[in-house]
Ligand code: SER
């Protein structure tokens, strides 16, 4: 049977790029972008959909014969702190709707994104393993951890084929993040290329795991295409590519744009970042389904500057 793909939350940072990638392989007619907005500037099929509306989700899946769902609907870490009840509801009730439809046999495969935010202040900070102390203290992290456990539950009890990764901070030139703690690492390129200085909301030495969006999309596609028996973890996999702090990123940007200046005024997002790992151990993803990154930090900076130069 031909695959028919539905992306929920397609207008976010990951959704936009994932849509392009999936259209490239499955054909524009077989990939449906959806989001809560009424209309969208998307080259392809778009449906307005609120993931919390299970009836509408069901009728869309039924009508279109959807086989795979990528459920990307969420409030990122900084936004969720400002609206805990809705952040939790969107993450958990939304995924529940998708899991239930899979349990009832309406969908074959689900992708669900988790995050380094599942880790918390008591987690070992360096080379954070897949399985370790996990006590998140942010709304976003609590939701993602609970979602991971529900995914595992639906897999074990009802054989639902649900797969996911814990994304680090994602940096790409095609789409913008919104409301995350790692957003600075995208915004900084726009300031640098405009010839402006950048005021960073994290301290100079806050090291976080990061990844080029191209690698993140490839990880997403690869875990979904891997044989089911290779996916031995039905929570979500650690995946890692690079780690840096704002000072190190600024220094690398300066190698390309020597006049670039950065200042630091940590705000409430510093508190979130301080609870997250500085680096990630992703052995399981590498061994189970062959994950490997392409971009390191200098490669990412070169690529971002090259592609954003004309755009900015
Ligand atoms: N990039 C996300 C955030 O900062 C982390 O997954 O919220």
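A quick yes/no check of all residues on (1) touching a residue at least 60 places away in the same chain (Cβ under 8 Å); (2) within 16 Å of the ligand (Cβ to nearest atom); (3) closer than 18 Å to residue 148 by Cα:
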| position | (1), (2), (3) |
| --- | --- |
| 64 | yes, no, no |
| 90 | no, yes, yes |
| 101 | no, no, yes |
| 110 | no, no, yes |
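Condition check ((1) at pLDDT 95 or above; (2) not in a helix (DSSP H, G or I)) across all residues:
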{"position": "1", "(1), (2)": "no, yes"}
{"position": "11", "(1), (2)": "yes, yes"}
{"position": "18", "(1), (2)": "yes, no"}
{"position": "37", "(1), (2)": "yes, yes"}
{"position": "47", "(1), (2)": "yes, yes"}
{"position": "50", "(1), (2)": "yes, yes"}
{"position": "56", "(1), (2)": "yes, no"}
{"position": "62", "(1), (2)": "yes, no"}
Task: Matching residues in the range 160-181 - criterion: being within 9 Å of the ligand (Cβ to nearest atom) and in contact (Cβ under 8 Å) with a residue 60 or more places away in the chain - done: 166, 167, 168, 170, 177, 179, 180, 181
TODO: Return the total of residues in the range 112-128 being under 20 Å from residue 245 (Cα atoms), more than 10 Å from the ligand (Cβ to nearest atom) and not in a strand (DSSP E or B).
DONE: 8
Task: Residue that is nearest to residue 201 (Cα to Cα) [pool: residues in the range 137-159 that are away from the ligand (no atom under 11 Å from the Cβ) and assigned to a loop (DSSP other than H, G, I, E, B)] - done: 137
Open item on the list: Quick check on residue 194: is it within 11 Å of the ligand (Cβ to nearest atom), touching a residue at least 24 places away in the same chain (Cβ under 8 Å) and either within 16 Å of residue 95 (Cβ to Cβ) or surrounded by fewer than 16 Cβ atoms within 10 Å (Cβ to Cβ) (or both)?
Closed with: no
TODO: From 285, 250, 241, grab the single residue that is closer than 22 Å to residue 206 by Cβ, modelled with pLDDT of 95 or more and under 19 Å from the mean Cα position of the chain (by Cα).
DONE: 241
- [ ] Tell me, please, whether a residue that is out of contact with any helix residue (DSSP H, G or I) (no Cβ under 6 Å at 6 or more places or on another chain), more than 25 Å from residue 119 (Cα to Cα) and surrounded by 14 or more Cβ atoms within 10 Å (Cβ to Cβ) can be found in the range 253-261.
- [x] yes
Open item on the list: Out of everything in the range 64-89 that is part of a helix (DSSP H, G or I) and in contact with a strand residue (DSSP E or B) (Cβ under 8 Å, 6 or more places away or on another chain), what residue ends up being surrounded by the fewest Cβ atoms within 10 Å (Cβ to Cβ)?
Closed with: 64
Open item on the list: Of the conditions (1) closer than 22 Å to residue 114 by Cβ; (2) at pLDDT below 95, residue 43 satisfies every one except a single condition; which number is it?
Closed with: (1)
TODO: Test each condition in (1) in contact with a strand residue (DSSP E or B) (Cβ under 7 Å, 6 or more places away or on another chain); (2) assigned to a helix (DSSP H, G or I) for residue 97 and report the one that comes out false.
DONE: (1)
Open item on the list: Looking at the structure I just gave you, is residue 269 under 18 Å from residue 125 (Cα atoms), out of contact with any strand residue (DSSP E or B) (no Cβ under 9 Å at 6 or more places or on another chain) and touching a residue at least 12 places away in the same chain (Cβ under 8 Å)?
Closed with: yes
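The values are calculated or read from the model by the stated rules, or taken from the named source; none is laboratory data. Keep in mind it's a predicted model, so treat the numbers as computed, not measured. As a convention, Cβ positions derive from the backbone with ideal geometry for all residues, glycine included, and neighbour counts pool all protein chains shown.
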